[in-house]
Structures are given as structure tokens and as C-alpha cells.
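Data block below; observations after.
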Amino acid sequence: EHKQNYREHVVQEFLQDGERAPSPRENPSVRSHYTALTITREPWSKHGAEEAVGTTPESANTSNGPASVTVTAQTLFRPDEDGQTPRVVVLVGAPGMGKTTTVRKVMMEWGEGTLHEQFDCVFCIDCKGITLPKEVSVADLVSQCCPHQQVPAGKVLHDQKILFIFDGFETLGFSLVQPEAELSSDPREVKPLETTLMSLLKRTVLPEASLLITTRPTALQSLGRCLEGEYYAEILGFSAAGREEYFHRYFENASKADMAFRFARGSEILYSLCAIPVMSWTVCTILEQELCRKKNLLECFRATTGMTISYLSQLLKHRDRDNPQVIQRFLLQLCSLAADGIWKHKVLFEEKEIKDCGLDQPELLPLFLNEKIAKEGEDHGNIYGFTHLHLQEFFAAMFYILEDDEKMVGDSGGLEKDVNKLLESYSESRKDLNVTVRFLFGLVSQKSIEYMDKTIGCRISPQAREQLLEWVQQRHRDISHPGQAQKVLELDTFHFLFEMNEKSFAQSVLGCFTALDLKDIKLTLYDQMALSFCIQQWAGLGCITLRGCSFHWQDPGAQLDASRRQEELHCPIHLLCRALQHPGSALRVLRLQWCRLSESCCAELAALLAEHPSLVELELGDGALGDGGVRLLCEGLRHPGCRLRVLR
């Protein structure tokens with residue numbers, strides 16, 4: 001009876017997420033919202049610094065990633081390939097990767113009877129919120145886990161299969177070094193809290209019990225000294241399938257989930273960042289707000305930079321509110337490290353570099369950098385890397401536009417804060433700087449400037465805006481012939497303006513040009529959204545030429561069922577046509593050459609012909625329009641509003 005009562009208590013206690021805001025929408029149920037994470041498991045002997053810190057879920061089982069098996073929360077304690085059943089598992093992950101959520105899932109599975117074959121009882125000790133007396137026994141720990149239940153701890157501890165979970169181990173602020181003679185072997189013996197916990201870790205008390213310890217990488221070195229024969233499981237985040245599943249579980253409404261996931265999938269950077277569970281949560285929360293305000297998510301131009309700033313704000317919530325200068329100084333030093341790494345094609349940093357930059361702050365460092373512990377005999381110390389390459393690129397962009405107070409200037413390692421040098425290098429040869437430059441534009445938008453100042457306390461230099469405006473105008477003038485129509489020939493220009501998402505800035509840039517000419521590009525949904533945004537701000541656009549460009553409404557790698565495949569057949573050029581129908585459009589010539597347009601595109605084109613007052617020339621070369629498509633086109637040509645004079 002006592003075990004059944006405890007099970008019911010566990011289900012009630014761990015069903016909701018206590019770490020989220022008090023709003024019910026932000027406090028999801030594990031049962032309905034849990035999405036499987038990619039977790040790799042390996043013995044300590046294989047866990048070393050030479051493995052890449054920024055391993056992604058996609059690389060977990062490839063030759064580039066660690067040679068380990070992807071496991072779930074339920075299989076953490078299953079026998080390995082050699083038949084060995086782990087007694088101690090350390091679950092490692094950066095902040096926001098889902099360690100506590102995994103613990104909640106394990107507790108729920110046990111409470112609902114899924115894990116009863118593996119464990120008779122499971123007890124979770126929340127190290128982050130521990131309020132235990134200074135002296136306790138193991139029996140007291142068990143009683144603390146079920147405060148409102150009269151559980152006979154003595155009887156429970158006689159169970160053969162017990163699992164103790166320590167969640168957030170890195171937050172315990174005491175020394176892990178305890179004399180062996182002080183350790184306890186009796187679960188009823190009262191000892192200092194540190195000694196009792198160490199007795200469990202060292203397995204001098206209840207040696208048959210299993211342990212699951214969650215921690216950030218920073219605590220691994222000290223933890224490793226007091227454990228033996230442990231296995232290490234690292235949370236790598238959501239796989240591709242996991243990301244889509246998470247969106248559907250979050251929204252519950254299938255059509256909203258499809259729309260939101262398509263939006264995220266359309267941006268390669270944003271989609272990649274969504275492998276981090278807390279980033280997926282941030283994106284879903286923002287998109288849900290947009291869906292409440294607007295009928296069509298495609299009208300939501302909250303770009304990747306805005307999502308990333310929201311993610312950064314979420315990470316820094318409740319930290320050093322009384323002393324914001326600590327965070328600001330730390331961010332300046334972090335941005336300097338990121339930029340230096342980007343210039344040198346470097347994603348891994350040695351412990352000495354971290355200390356030299358003044359980043360060795362245990363409260364802040366794990367929020368942004370993963371740590372890999374050096375093996376015995378290695379002299380370079382621990383190795384660090386950003387939790388995601390795109391986050392390193394984001395902080396590198398911040399390096400160039402953050403204002404420094406004289407009191408707060410950190411050592412930037414000789415790296416020059418020269419925006420023009422970064423832009424020139426990108427134009428000439430360093431195309432790998434594309435994402436950094438894209439973030440640069442996003443960060444100098446008025447919304448970003450205000451939001452960064454309000455939520456994080458960082459000031460962005462207004463001078464960078466003028467430098468970006470001058471560069472983006474000049475780069476196209478240089479490659480256009482004098483006397484001819486000034487053309488925009490690079491798709492990335494539209495990415496940059498879309499990322500900034502400021503109509504007046506886009507108008508200032510595009511006002512210098514009269515034509516758009518792109519060739520041989522597979523236009524993703526993100527590309528089309530960027531084009532659509534810019535075309536609507538481009539009053540002087542007279543000619544569009546797209547040669548060999550194909551329109552992709554859905555991610556080409558995604559598996560579509562019959563209904564969604566049918567949906568994809570309609571509207572591949574919907575965004576382009578809708579953008580051209582805005583009242584200020586002065587377009588005269590539209591050339592879509594070898595763009596693989598199908599019959600379904602003709603209805604959109606017919607509507608454009610019927611309603612566009614200035615369009616006089618249309619070229620559709622090498623399409624597969626078919627008789628039905630031409631009939632649709634003719635309906636537009638017959639319309640009294642059609643002004644077309646040339647059809648090729």
C-alpha cells in the first residue's frame with residue numbers, strides 16, 4: 001500500500017514542469033509533451049577531450065561522432081553490448097538540453113509502472129532546490145522524497161532494486177573529498193549531509209542501489225574522482241524527427257504545428273538551433289504568439305536573430321540581477337573568444353584560453369560552452385566549445401557591434417573591432433562568414449537594439465547600421481556596368497535585409513536598384529520569405545529575372561503523406577506573386593526561365609496578370625504548364641485589368 005501511495009505521489013509531483021513560468025501553457029505535461037532526446041552512452045574510459053564538443057544528434061552514429069549507441073531514458077540502465085548492466089549513470093548536458101525533463105520522464109515511467117521490472121523504488125533528490133537539514137541519514141533522504149506520505153523508509157530500503165537520482169549535481173556547493181573512514185554503511189545512520197551523499201556515491205551504503213546523476217559538464221572532473229565503473233550518457237538534443245515531433249506535441253493542433261514547423265524548417269540556421277530543446281521551446285512559444293495575432297504564419301517575419309536573442313534572454317533569466325555588469329563583462333569576453341575562433345576556423349578552446357579571457361566563471365560558463373574533461377596524462381587541460389556552431393557565430397557578430405564602457409573593456413586578444421574588415425573579407429573570399437554577417441544585420445535592427453538593452457543590458461553601436469547600409473549598397477554597384485540598370489545579383493542581400501526586418505532600412509538599400517537577377521538557385525521557403533519581404537519594400541523594382549531557379553514550398557528531405565504532397569503541388573510561387581500584388585509595385589517585366597513551373601502555378605500568374613497595373617512583359621521558358629495551365633493563363637489574359645503586351 002505504501003508503495004502504491006508513493007507511486008501516486010510521484011505521478012502528481014512530476015507530471016508538470018516546475019521549471020517553466022506559472023502560466024499553464026508554459027507548464028506542459030510530461031505525458032503529452034515529452035519528446036525523445038538523442039542520448040549517447042559510453043563508459044568513462046571512452047569519454048575524452050579529443051571528441052568534438054559540439055556533437056550533433058545527426059552525427060551521433062556517424063564516423064565523425066562518438067562510437068556509441070543512441071539510447072532513451074528507459075534504456076539508460078539496460079545491459080551494454082558486453083552484457084554489463086550499469087549501476088551508475090552520469091547524464092551530461094549543457095543548460096537547456098533536457099536533463100531535468102529526462103529525470104521527470106524516468107520518474108513518470110516508474111510511477112506509471114513502465115520501469116517496475118528494473119526498479120522497485122525510485123527516489124529523486126533535486127540538488128538545485130535541496131532544503132535538507134545539515135545532518136541526515138539515507139532513510140531521511142527517502143522520507144524527504146515523499147513529504148506528505150507516511151512511507152516506512154526502513155521497509156523500502158530493504159527492496160533489492162532501488163534507484164537514486166541526483167538532479168543538478170553541479171549545484172551542490174560542498175567538497176566531494178571525504179575521508180573513507182567517515183563514510184557510512186548503515187542507511188539509518190545520521191551523518192553530515194555531504195558525508196551521507198558521498199556514502200551513496202562511493203557505494204559504501206546500499207551498494208546494490210543504482211544511481212542516476214545529472215550534471216553540467218563543469219562538475220565532471222570532481223565527480224569522476226568519487227565514482228567507479230560509471231557510464232556517461234550525453235544528451236545531444238533533438239534529432240530531425242524529434243524536432244518535428246516536439247512541434248506537434250507543443251501545438252497539439254496539427255495544422256498549426258505543420259505551419260510552425262515549416263516556418264522553422266525553412267531557415268537552415270533556425271532549424272539547426274532547434275536541436276537544443278530550450279531553443280525549440282523558445283521558437284514554439286514565439287510562433288504561438290504570432291499565430292494568435294495573425295491568421296497566416298508566413299506573415300510573421302520574426303527572423304533567426306530575434307529567436308536567438310529570446311533564447312539568450314531565457315538563459316540569463318534570474319542571473320545576477322543585482323549586478324548586471326558581471327553578465328555584460330562576461331558577454332563581452334565571450335564574444336571576443338567567439339570572434340577569434342570564427343576568424344581562425346576554430347571551434348575548440350583549451351582551458352588556458354578560457355582563463356586568459358576571464359571566462360572561468362562557474363555560474364555563467366556552462367550556459368554557453370560545453371566542457372570535455374581531459375584524460376589522465378593529457379597536459380592541455382579541459383577542452384571547451386560552444387553548445388552550437390551557430391551560437392558561436394551569433395556571439396562573433398555581437399563582438400563587432402557591442403558598445404564597451406571604458407570600465408568594462410575586456411582583452412579582445414588583439415582582435416580588431418572593424419566591421420568593414422569583416423564585410424570585406426566576406427565579399428572577397430570568406431563565404432563561411434555568411435551566418436555571422438546575417439546575424440550582424442539582425443542585431444542592428446531597432447527592435448534588437450531595444451530588446452538587448454532592456455532584457456540583457458547590452459548596448460549596440462548605432463554606427464554599425466551606417467556601415468552595413470553603405471556596404472550592401474556598394475557591393476552591387478561595383479559589379480554592375482555603368483549606364484545599365486542597377487541589378488541585385490546575390491540572394492544573400494535579401495537574407496541580410498530579411499534578418500534585419502526593418503522596412504525603412506530595406507527601402508534605403510533597394511532604392512538604388514531597379515532589377516533583380518538570380519540564376520540556378522533552389523529557393524527554400526526561407527529564401528522565398530526573404531524575397532517576398534524585400535520585393536514589398538522595393539518601389540523601384542521594374543524587372544525580375546529568375547533563370548533556372550526552382551521553388552521549394554516544403555523541405556525536399558521531408559516525407560510527405562498523400563494530403564500534404566497534394567498541398568505542395570499548389571502555390572509554389574504563391575509568396576512571389578503575393579508580394580508583387582502589393583499596391584506600390586511598379587514591376588514591368590517578369591521572366592521565369594527554366595524554373596520548372598507546373599500547371600498549378602498558372603492560377604497564381606493569371607491572378608497577377610489580371611490585377612497588376614504595370615506588368616507588360618511575361619516570359620515563361622521551358623515550363624511544364626500543359627494545356628490546363630495555358631487555359632488558366634488565358635483567363636488572366638482575358639481580364640479587363642490585364643496590361644500585358646509581350647508573352648513569351
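The values are calculated or read from the model by the stated rules, or taken from the named source; none is laboratory data. Note that the structure is predicted; figures quoted are calculated from it, not measured. No Cβ is skipped: glycine too gets one built from the backbone with ideal geometry, and neighbour counts run over all protein chains shown. The area values use the complete protein model at the heavy-atom level, side chains included, leaving out ligands, DNA and RNA. Shrake-Rupley method; radii C 1.70, N 1.55, O 1.52, S 1.80 Å.
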Out of Leu415, Leu491, Leu422, report the one residue that is out of contact with any strand residue (DSSP E or B) (no Cβ under 8 Å at 6 or more places or on another chain), open to solvent by less than 40 Å² (accessible area, probe 1.4 Å) and modelled with pLDDT of 85 or more. Leu422
Counting only helices (runs of 4 or more DSSP H) entirely within region 226-287, those with at least 1 residues that are among the basic types (Lys, Arg) and under 17 Å from Met307 (Cβ atoms) are 240-251, 254-266
Those residues that are farther than 12 Å from Leu605 by Cβ and open to solvent by less than 30 Å² (accessible area, probe 1.4 Å), I need them from region 632-644; list them, please. Gly641
Only one of these is modelled with pLDDT under 90, crowded, with 20+ Cβ neighbours inside 10 Å and either under 42 Å from the mean Cα position of the chain (by Cα) or assigned to a strand (DSSP E or B) (or both): Gly557, Gly629, Gly584. Name it. Gly629
Take the residues of region 498-536 that are in a loop (DSSP other than H, G, I, E, B) and without any contact (Cβ under 8 Å) to a residue 40 or more places away in the chain: which is least open to solvent (accessible area, probe 1.4 Å)? Phe513
Take the residues of region 294-328 that are among the polar types (S, T, N, Q) and in contact with an Asp or Glu (Cβ under 7 Å, 6 or more places away or on another chain): which is modelled with the lowest pLDDT? Thr304
How many of the residues making up region 142-179 are closer than 26 Å to Ala219 by Cα, among the aliphatic types (A, V, I, L, M), modelled with pLDDT under 85 and surrounded by 12 or more Cβ atoms within 10 Å (Cβ to Cβ)? 3
Looking only at region 345-364, and only at residues there that are open to solvent by 50 Å² or more (accessible area, probe 1.4 Å) and of a type outside the set (D, E, K, R), the one that is nearest to the chain's Cα centre (by Cα): Val347
In region 205-234, what residues are under 20 Å from the mean Cα position of the chain (by Cα) and surrounded by fewer than 21 Cβ atoms within 10 Å (Cβ to Cβ)? none
